[in-house]
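Throughout, read-outs are computed from the coordinates displayed, never taken from laboratory work. These numbers come from a predicted model, not from an experiment. All Cβ positions, even for glycine, are placed from backbone atoms using ideal geometry, and neighbour counts span all protein chains on display.
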Amino acid sequence: MIAGTDEVGRGCLAGPVVAAAVILKEDIPGLTDSKKITPKRREFLADLILEKSFFAYGVVSNNKIDKINILNASLLAMKRAILNLPVRPSLVLVDGTFKPDLDIPMRAIIGGDSSENAISAASIIAKVYRDNLMIKYDSIFPVYDLKGNKGYGTKKHLEALKNFGHCEIHRTTFNGVIIK
C-alpha cells in the first residue's frame, strides 16, 4: 500500500500548517496539485478522495510553528498524518525534498503533487480542510479577511495587521506579522 503525503499553508501568516496522507483504493481521474485547480473542482475531487481512499490529517498550530519553525512543523504535520492513517503503508511518497522521521520506507519527490496521484490527493484534501478552517476563523477574526486570503499575506491582510496588530492565530515569528 502506497501512501502520498503533502502539506498546505507553509507560506501563510496565520493558522496551522495542515498535512494529509492518502492511500488510494482506486484510480481517480483528474488529480493534480491542489494549487492548479479551482476551488469548486477541489471540493468535488476532495469528496471523491474521501470516499475512495484511506486518509488522515496532521495539523500543527501556529504556536508550535513559531517554536519549531515552518519546515519542522511541516514535517511534523506529515508525520502525524501518516501515523493517523487507519492502515500502515508499505511506502510513503512525500512531496518535496525532505521526509518526516518515521520507520517506514519513504521517497521524496520534488513536484510530486503534480506527478503522483496519491500525493495529489493528499494535496487536495489538505487544502480543502485548511481552507474550510480559515473560513471558520474568518467569522471569529473578520478584520483580517481570512475567508478571502486563507491566511496568506495579501495587501488587505497586511494592512489589517498594521492597523490592528496580530490575533491569536497569527504566526508571530513571520515577516509581515512582526510589525517594525
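For this structure, a couple of remarks:
- Only a single item in (1) more than 14 Å from residue 10 (Cα to Cα); (2) in a helix (DSSP H, G or I); (3) among the small types (Gly, Ala, Ser) is not met by residue 126, and it is number (1).
- Evaluating residue 73 against the criteria (1) without any contact (Cβ under 8 Å) to a residue 60 or more places away in the chain; (2) in a helix (DSSP H, G or I); (3) within 30 Å of residue 158 (Cβ to Cβ); (4) out of contact with any strand residue (DSSP E or B) (no Cβ under 6 Å at 6 or more places or on another chain) leaves one unmet condition, (4).
Yes/no matrix, rows are residues, columns are (1) crowded, with 18+ Cβ neighbours inside 10 Å; (2) among the polar types (S, T, N, Q):
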{"position": "144", "(1), (2)": "yes, no"}
{"position": "150", "(1), (2)": "yes, no"}
{"position": "153", "(1), (2)": "no, no"}
{"position": "161", "(1), (2)": "yes, no"}
{"position": "168", "(1), (2)": "no, no"}
{"position": "172", "(1), (2)": "no, yes"}
{"position": "175", "(1), (2)": "no, yes"}
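- For region 11-47, the candidate set comprises residues that are part of a helix (DSSP H, G or I) and buried (at least 17 other Cβ atoms within 10 Å of the Cβ); within that set, the residue that is nearest to the chain's Cα centre (by Cα) is 34.
- Verdict on residue 158 being aliphatic (A, V, I, L, M) and in a loop (DSSP other than H, G, I, E, B): no
- Index of the failed condition, residue 66 passing every other in (1) under 21 Å from residue 46 (Cβ atoms); (2) touching a residue at least 60 places away in the same chain (Cβ under 8 Å); (3) in contact with a Phe, Trp or Tyr (Cβ under 9 Å, 6 or more places away or on another chain); (4) assigned to a helix (DSSP H, G or I): (1)
- Count of residues meeting criterion [part of a helix (DSSP H, G or I), out of contact with any Gly (no Cβ under 6 Å at 6 or more places or on another chain) and either of a type in the set (Gly, Ala, Ser) or closer than 28 Å to residue 166 by Cβ (or both)] in region 79-94: 1
- Unmet requirement for residue 151, which otherwise passes all of (1) small (Gly, Ala, Ser); (2) closer than 29 Å to residue 1 by Cα; (3) in contact (Cβ under 8 Å) with a residue 40 or more places away in the chain: (2)
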